Amino acid sequence: IDGVKERVKKLQRELKIFLLTADTYGLGKEIADELEIGLIMVGGDSGGVDKSSFLNSLGAEKTVAIGNGFNDRLMLAGAGLAIAVIGDEGCCLKALMNSDIAVNNIVDGLDLLINPIRIIATLRA
């Protein structure tokens, strides 16, 4: 996706970035290699638990999770900051309900992390 690689490079200066995927489209390794990020393969049937367990191993309260699928719902619920991506393929309602912020696409989600003042504006009480 145009713009993702550049944004990931910026964020890697301060964050560890991982792609957690059940690899529905078979592109997980290619994407992780291109972005030079960690790849965590999760089970097709256990992906939700696998993603949540990985998040907890990092210290969930210190994490940002971005996702859109049913298998992202537990990870999003536990993350310090949870961002749901609506995107072209849509977003599972349970994932959306477990998120703090919803964005139109991954680029918008990454831009929130690059410009965190936007997060304050969105989540201000």
Practice task
Exactly one condition in (1) without any contact (Cβ under 8 Å) to a residue 40 or more places away in the chain; (2) more than 24 Å from Ile120 (Cα to Cα) is not met by Leu20; state its number.
Solution key: (1)
Completion exercise
Taking segment 23-53 and keeping residues open to solvent by 40 Å² or more (accessible area, probe 1.4 Å) and not charged (D, E, K, R) leaves Thr24, Tyr25, Gly26, Leu27, Ile31, Leu39, Ile40, Met41, Gly44, Ser46, Val49, Ser53
Handout entry: Residues satisfying the stated conditions in segment 1-15, i.e. under 14 Å from the mean Cα position of the chain (by Cα) and either without any contact (Cβ under 8 Å) to a residue 24 or more places away in the chain or in a helix (DSSP H, G or I) (or both)
Key = Val4, Arg7, Val8, Leu11
Practice task
Could you please find all residues in segment 93-109 being without any contact (Cβ under 8 Å) to a residue 60 or more places away in the chain, closer than 17 Å to Ile1 by Cβ and hydrophobic (A, V, I, L, M, F, W, C)?
Solution key: Val103
Exercise for the section: Hey, can you tell me all the residues within segment 13-22 that are open to solvent by less than 60 Å² (accessible area, probe 1.4 Å) and within 26 Å of Ile114 (Cα to Cα)? Expected result: Ile17, Leu19, Leu20, Thr21
Handout entry: Hey, Ile86 within 18 Å of Gly109 (Cα to Cα), at pLDDT 95 or above and among the β-branched types (Val, Ile, Thr) or not
Key = yes
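So that you can scan it fast, the table gives a plain yes or no per residue for (1) buried (at least 17 other Cβ atoms within 10 Å of the Cβ); (2) of a type in the set (D, E, K, R):
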{"site": "Leu55", "(1), (2)": "yes, no"}
{"site": "Ala60", "(1), (2)": "no, no"}
{"site": "Asn68", "(1), (2)": "yes, no"}
{"site": "Asn71", "(1), (2)": "yes, no"}
{"site": "Ala77", "(1), (2)": "yes, no"}
{"site": "Asp88", "(1), (2)": "no, yes"}
{"site": "Gly109", "(1), (2)": "yes, no"}
{"site": "Leu113", "(1), (2)": "yes, no"}
Fill in the blank from the handout: Apart from one, (1) out of contact with any Phe, Trp or Tyr (no Cβ under 8 Å at 6 or more places or on another chain); (2) more than 24 Å from Glu6 (Cβ to Cβ); (3) in a helix (DSSP H, G or I) all hold for Gly48; the odd one out is (1)
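The values are calculated or read from the model by the stated rules, or taken from the named source; none is laboratory data. Predicted, not measured: the structure shown is a model, and the values here were computed from it. We place every Cβ from the backbone using ideal geometry, glycine too, and count neighbours over all the protein chains shown. Remember, those area values only see protein heavy atoms, side chains included, never the ligands or the DNA or RNA. Shrake-Rupley method; radii C 1.70, N 1.55, O 1.52, S 1.80 Å.
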